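Written out below as structure tokens is the structure these notes cover.
The values are calculated or read from the model by the stated rules, or taken from the named source; none is laboratory data. Predicted model only: the values in this text are computed from it and were never measured. Because the Cβ atoms are built from the backbone with ideal geometry, glycine has one as well, and the counts that use them run over all protein chains shown.
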Amino acid sequence: MNNQQSKVLPIYLQPRILSAVSYIHLSPSKEIGLERINKMARKLSDREMMYVLSLLVFDNILDMVRDSDEFKNYVSTKRTLQ
């Protein structure tokens, strides 16, 4: 099952990646979070860590996009066309 699941899910949704994201996200402090990032960096490949860190900042990226002029223009254009 685990092998089959690996072929169905994209790499950034693999349990290994999501477990690392959860482990780091649930850190009680910034210092512990940094320790956990370093610990995971020793266990995961560079590519896997890229996905872990990307998922950790995903909400911030969405906020930046939502607040951008380009996105505001896109939304207003989209509403006008409907």
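Overview of results
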quantity	calculated
Top-ranked residue of region 14-35 - restricted to ones that are hydrophobic (A, V, I, L, M, F, W, C) and surrounded by fewer than 15 Cβ atoms within 10 Å (Cβ to Cβ), ranked as farthest from LEU55 (Cα to Cα)	ILE32
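Table: residues versus (1) of a type in the set (S, T, N, Q); (2) at pLDDT 90 or above.
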residue	(1), (2)
LEU18	no, yes
TYR23	no, yes
SER27	yes, yes
ILE37	no, yes
SER45	yes, yes
GLU48	no, yes
PHE71	no, yes
VAL75	no, no
THR80	yes, no
